[in-house]
Amino acid sequence: MRATAFLAVLAACGIALAQPYPNRPVHLVIAAAPGGSTDLLGRVFAQRLTERLGQPFVPENRGGGGGAVAAEFVAKSPADGYTILMSNDQLVISAAAGAKVSYEPFKDFAPIAVVARGPVVLGVHPAFPAKSVGELVALAKANPRKYAFSSCGNGTILHLAGELLNLQAGIDLVHVPYRGCAPAMVDAVSGQVPIFFTVLGNAAAFERNGKVRLLGVATAHRIASRPDLPTIAESGFPGYDAYPWFAMLAPAGTPREIVQRLAGEITSAVPAPEASERIRAFSLEPTPLGPEGLAQLMKSDYDKWRRLVREAHIKVE
């Protein structure tokens with residue numbers, strides 16, 4: 001009887017282990033406050049994964065620390081596929097810039113998939129005399145430290161995009177960091193700080209209303225949504241590239257079959273009209289990349305921004 005009971009327990013365990021993933025709700029931790037691109041994308045894909053995998057993907061916002069609060073939580077969570085992270089390039093930038101974070105982006109996470117990228121743009125107030133990137137650089141060279149550029153915060157990719165232009169163009173635009181993108185755009189529209197780096201979605205409505213003028217996009221190639229907008233790279237600064245990404249990751253040690261299952265569902269969902277149209281509505285570019293593509297992107301970004309921080313002597317608190 002004892003042997004029979006023991007075999008029954010083993011059989012029950014075998015059935016439990018054999019149940020397909022997921023067999024209960026999944027916690028999707030969003031590394032941002034409600035309302036931004038990371039949050040909106042997280043909720044889009046929580047819905048898509050719920051529909052495709054038959055279990056609820058429950059989003060929870062854990063903003064703060066440039067995404068570090070959420071990253072630290074997920075890094076310390078069980079590596080069972082039931083806690084995953086929706087984050088962005090700040091996960092790597094903070095580490096590359098030497099910010100105090102209690103996670104290691106390459107040791108503490110298993111990359112799953114990229115869902116989108118968000119073009120960064122360089123723009124000016126309409127009254128600013130420069131009509132192109134080249135003209136802006138010429139003005140800045142003739143008037144060192146006379147002009148300033150705004151960003152959504154110190155140590156963000158928008159800050160680093162400006163510093164990258166400073167370094168490549170040999171100019172000295174003064175950085176004015178804001179505590180968020182909304183106040184930065186308010187002062188850009190008013191002309192308080194007439195030069196700005198922001199993501200396209202923050203500036204698109206103001207451009208349509210004639211309140212700002214966009215000079216260039218900070219991607220290696222022109223973007224599909226704005227083929228008329230020249231890249232900063234083609235404006236005389238080859239190799240210039242500052243292109244944020246949005247991705248999902250799991251705690252390190254998450255079984256490979258779970259990572260691959262999630263990656264397959266996500267990357268097949270991104271090009272579908274239901275997801276891609278919503279991504280484009282956020283002024284983002286659908287970008288389905290699996291674990292290997294995300295890992296390469298993380299590494300290349302880390303190396304690039306780490307090098308810039310050292311060469312430009314940037315300090316990030």
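Tabulated results
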{"item": "Residue that is surrounded by the most Cβ atoms within 10 Å (Cβ to Cβ), among those in region 19-36 that are at pLDDT 95 or above and within 15 Å of Ala247 (Cα to Cα)", "result": "Ala31"}
{"item": "Qualifying strands (runs of 3 or more DSSP E) (wholly inside region 11-116; at least 1 residues being of a type in the set (Gly, Ala, Ser) and in contact with a strand residue (DSSP E or B) (Cβ under 8 Å, 6 or more places away or on another chain))", "result": "83-88"}
{"item": "One residue from Gly98, Gly66 being open to solvent by 30 Å² or more (accessible area, probe 1.4 Å), closer than 19 Å to Leu164 by Cβ, within 13 Å of the chain's Cα centre (by Cα) and not aliphatic (A, V, I, L, M)", "result": "Gly66"}
{"item": "Which numbered condition Ile258 misses (of (1) open to solvent by less than 50 Å² (accessible area, probe 1.4 Å); (2) at positive phi)", "result": "(2)"}
{"item": "Qualifying residue in region 128-135 (condition: outside any loop (DSSP other than H, G, I, E, B), open to solvent by less than 50 Å² (accessible area, probe 1.4 Å), closer than 28 Å to His221 by Cα and modelled with pLDDT of 95 or more)", "result": "yes"}
{"item": "Test: Arg179 is more than 23 Å from the chain's Cα centre (by Cα) and charged (D, E, K, R)", "result": "no"}
{"item": "Evaluation of Ala71 against (1) without any contact (Cβ under 8 Å) to a residue 12 or more places away in the chain; (2) crowded, with 23+ Cβ neighbours inside 10 Å (one fails), failing number", "result": "(1)"}
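The values are calculated or read from the model by the stated rules, or taken from the named source; none is laboratory data. Quick caveat, the model's predicted, so the values are computed rather than measured. Using ideal geometry, Cβ is built from the backbone for each residue, glycine included, and neighbour counts are taken over all protein chains shown. When the accessible area is computed, the model is the full protein with side chains, heavy atoms only, and any ligands, DNA or RNA have been set aside. Shrake-Rupley method; radii C 1.70, N 1.55, O 1.52, S 1.80 Å.
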